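The structure's right below; bear with me while I get my questions together.
The values are calculated or read from the model by the stated rules, or taken from the named source; none is laboratory data. None of these values were measured; they are calculated from a predicted model. Every residue, glycine as well, gets a Cβ built from its backbone with ideal geometry; the counts of neighbours run over all protein chains shown. We work out accessible area using only protein heavy atoms, side chains counted, and drop any ligands, DNA or RNA first. Shrake-Rupley method; radii C 1.70, N 1.55, O 1.52, S 1.80 Å.
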Amino acid sequence: MPTAAPRPVSLPPLAAAAALAAGAILASATLTGCSIGSAEAAERAEGAVPRLRPTPADAIVGEERAVLTAAPNVPPPITRAHATKVIVELETTEEVKRLADGVSYTFWTFGGEVPGKFIRVREGDQVEFHLKNHAHSTVPHNIDLHAVTGPGGGAAATLTLPGGESVFTFAAMNPGLYVYHCAVSPVPMHIANGMYGMILVEPKGGLPKVDREFYVMQSEFYAKPGAAAGAPHTLDMERGAAEQPTHVVFNGSVGALTGDRALQAKVGERVRLFVGNGGPNLVSSFHVIGEVFDHVYGEGGTMVTQKNVQTTLIPAGGSGIVEFGVEKPGTLVLVDHSIFRAFNKGALAMLNVTGEDAPRVYAQNKGLPMAAH
Amino acid sequence: MRRLAAVLALLALAPRAGAAADDAAGRRPGAEMVRLPAGTYRPLYGRPGDAPTAVAAFRLDRDAATRGEFLAFVRERPEWRRGAVRPLFADRRGYLADWAGDLDAGDATDRRRPVTGVSWFAAKAYCAWRGKRLPTVHEWEYAAAASATRRDAGREPWFVQDLLTRYTTRPRPLPALPAGAGNLYGVRGLHGLAWEWTADFNSVLVSDDSRGVGARDHDLFCASAAVGATDPGNYPAFLRYALRAGLTGRAAVETLGVRCAA
Ligand SMILES: [Cu+2]
């Protein structure tokens, strides 16, 4: 056994690594699907589609700390008429929670919740993003916000060890409703374990006023029972690769939005749903039984792309905004209309509408009445 | 009462084959090494068609280093105590953070738990103090690819699934050693206890050596991680490489410990 005091002089070759990595990122931009390349040449070609050129040119006035909310709640609309510096703090955790009755699961989360906390900023804001990873985490995590223009949507700057913190800033250039998710390898596992949420970049003029806003995010789980009875379920690799989920849910667990936890609205109100899909695999045929969407902002963009819609597609890693008025008391049922998922796997949520009856909107005139909800 | 419950839970969780014999013989779990024969294995990153990587015969500690063993080290090497370590060599926020004091590694049970929250520099110095060294990534992965019955079980679905489950359901606190079933070589607790340091943990970042398909750090985020990997289904290996990619020499992480080689 050596007796001299240890002199740790051999430094890991990090500098060389950084230099190589920088080159590699450029070389592989087309492979990652995470970077935005310059398309100017293509744009100038004849018949090219005109492109928006959002810029972070707005003057940044003041500073504030973002208030994040757990689903189904949404932070209040932004009323300020100027851009500001917004500090967002989010912590990744790994914890055992209920997935369904009798089924607990080892979730990986943003902010202790699945889906992750909802972030609301304004177009033009400068966002200073603090990502912490809880010291008890077993693996590093990062964040890829689809609202971010830059390498990995933030993932390249936020690989965060357990017990660590990363900070990066970005300009919220494109308004819209965006998914964020963890993008540490193996990405499907981090997403399958619950690492996704949404960020709304509110357009400068704000969204039209409504009475209620809710955050609803679909995702699916591939749950394998633990070895011991009562042990938490974990990711079932084979089911994940085969895209055969055991559970398809709104807001992180079967029944997260039913019974006492159902969404609430009153007759005559206008409702807006910020709908996301964390995947990891399935595309959602999002439908509300007993309602028609007056407006759909397709794929979470800022334009009403369609009116009077029955079912709208929410892609994995994508979103949609739907608006409707509620005119009749009763229970509206949110489903993935790929209907086995709703009936057998949990993709079902409820919106209870209370208030004065409106028989002209809907009335049963003959036949067996259904039990009251 | 809570402690008793925790201990009982751990006893139930941790297979303890051989534990009684070791204890009776008075051997410290980490003192014992096993010899691994020379062989080849297929690293996560490489080109399909590449020859498997050759690994020379080496010895590896049967168990991870315990808090008690690390305590003996810092008693003799005061510069590695929590209050004295140079910030350049260990992030003080995490370094031995679960110890109650510079020389207080807990009670007898605690002192048999794997030591964690040690930096690469400290782990390296510890192994040198033992007259050993840190295993290389290739050595570690070679040892870790073995199931109880097969040398290269990395492509067996049940083995992959078993490791994923272990990785996501680690007991906290970690159990007293020895714990974990031995693999084919008799190495215990490689999976599902603490992660473990390797000498060249960041070599994955510079593995390019002009072949153009090595893994780079960008490969460890985004879906592109699978590009250049020999086996996109080996999620446990991706988890290990992603952790290594996030490490620096001074990082001290609660879930990362050390096991020495020779
Ligand atoms: Cu993650």
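Hey, could you check region A:126-147 for residues that are under 15 Å from B:GLU254 (Cβ atoms) and within 11 Å of the ligand (Cβ to nearest atom) and say which is surrounded by the most Cβ atoms within 10 Å (Cβ to Cβ)?
Looking at residues that are under 15 Å from B:GLU254 (Cβ atoms) and within 11 Å of the ligand (Cβ to nearest atom), I get A:HIS141.
For region A:206-229, what are the residues that are closer than 30 Å to A:VAL288 by Cα, open to solvent by 30 Å² or more (accessible area, probe 1.4 Å) and part of a strand (DSSP E or B)?
Of everything in region A:206-229, those that are closer than 30 Å to A:VAL288 by Cα, open to solvent by 30 Å² or more (accessible area, probe 1.4 Å) and part of a strand (DSSP E or B) turn out to be A:ARG212, A:GLU213.
Do the conditions hold for A:VAL114, that is, is it within 14 Å of the ligand (Cβ to nearest atom) and free of Cβ contacts under 8 Å to residues at least 60 places away in the same chain?
Judged against the criteria, A:VAL114 is not a match.
When you go through A:ALA342, A:ALA363, A:ALA358 one by one, which is the residue that is modelled with pLDDT under 95 and buried (at least 18 other Cβ atoms within 10 Å of the Cβ)?
That would be A:ALA342, the only listed residue that is modelled with pLDDT under 95 and buried (at least 18 other Cβ atoms within 10 Å of the Cβ).
Also, I was wondering about something else. Out of all the residues in region A:165-186, which are within 15 Å of the ligand (Cβ to nearest atom) and within 15 Å of the chain's Cα centre (by Cα)?
A:VAL179, A:TYR180, A:HIS181, A:CYS182, A:ALA183
Here's the yes/no breakdown for (1) closer than 19 Å to A:PRO76 by Cβ; (2) within 14 Å of chain B (Cβ to nearest Cβ):
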| residue | (1), (2) |
| --- | --- |
| A:GLY111 | yes, no |
| A:ARG120 | yes, no |
| A:SER137 | no, yes |
| A:ASN142 | no, yes |
| A:GLY154 | no, yes |
| A:LEU161 | no, yes |
| A:ASN174 | no, no |
| A:LYS204 | yes, no |
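Another question, then. Yes or no: B:LEU103 within 13 Å of chain A (Cβ to nearest Cβ) and of a type in the set (A, V, I, L, M, F, W, C)?
Criteria not met by B:LEU103.
Out of A:PHE110, A:PHE118, I need the residue that is touching a Lys or Arg at 6+ places or on another chain (Cβ under 8 Å), closer than 16 Å to A:VAL88 by Cβ and crowded, with 24+ Cβ neighbours inside 10 Å. Which one?
Going through A:PHE110, A:PHE118 in turn, the sole match is A:PHE110.
Any chance region B:111-126 includes a residue that's at pLDDT below 95 and crowded, with 22+ Cβ neighbours inside 10 Å?
no
Just one of (1) closer than 30 Å to A:ALA347 by Cα; (2) open to solvent by less than 20 Å² (accessible area, probe 1.4 Å); (3) away from the ligand (no atom under 16 Å from the Cβ) trips up A:ASP101, so point out which.
Every listed condition holds for A:ASP101 apart from (2).
For A:PRO162, all conditions in the list (1) within 16 Å of the ligand (Cβ to nearest atom); (2) without any contact (Cβ under 8 Å) to a residue 60 or more places away in the chain; (3) part of a strand (DSSP E or B) hold save one; what is the number of the exception?
So the condition that A:PRO162 fails would be (3).
Taking the condition at pLDDT 95 or above and surrounded by fewer than 20 Cβ atoms within 10 Å (Cβ to Cβ), does A:ARG80 pass?
Considered against the rule, which asks whether it is at pLDDT 95 or above and surrounded by fewer than 20 Cβ atoms within 10 Å (Cβ to Cβ), A:ARG80 comes out as no.
What pairs come up if the first residue lies in region B:65-94 and is within 13 Å of chain A (Cβ to nearest Cβ) and open to solvent by 50 Å² or more (accessible area, probe 1.4 Å), the second is aromatic (Phe, Trp, Tyr) and not in a helix (DSSP H, G or I), and their beta carbons are under 9 Å apart, counting only those six or more places apart or on different chains?
B:GLU79/B:PHE89
Here are some residues: A:PHE274, A:PHE214, A:PHE221, A:PHE286. Which one is more than 16 Å from the ligand (Cβ to nearest atom) and farther than 18 Å from A:LEU68 by Cβ?
A:PHE286
Right, next: Look at B:GLY182 and say whether it is within 13 Å of the chain's Cα centre (by Cα) and under 19 Å from B:GLY257 (Cβ atoms).
Criteria not met by B:GLY182.
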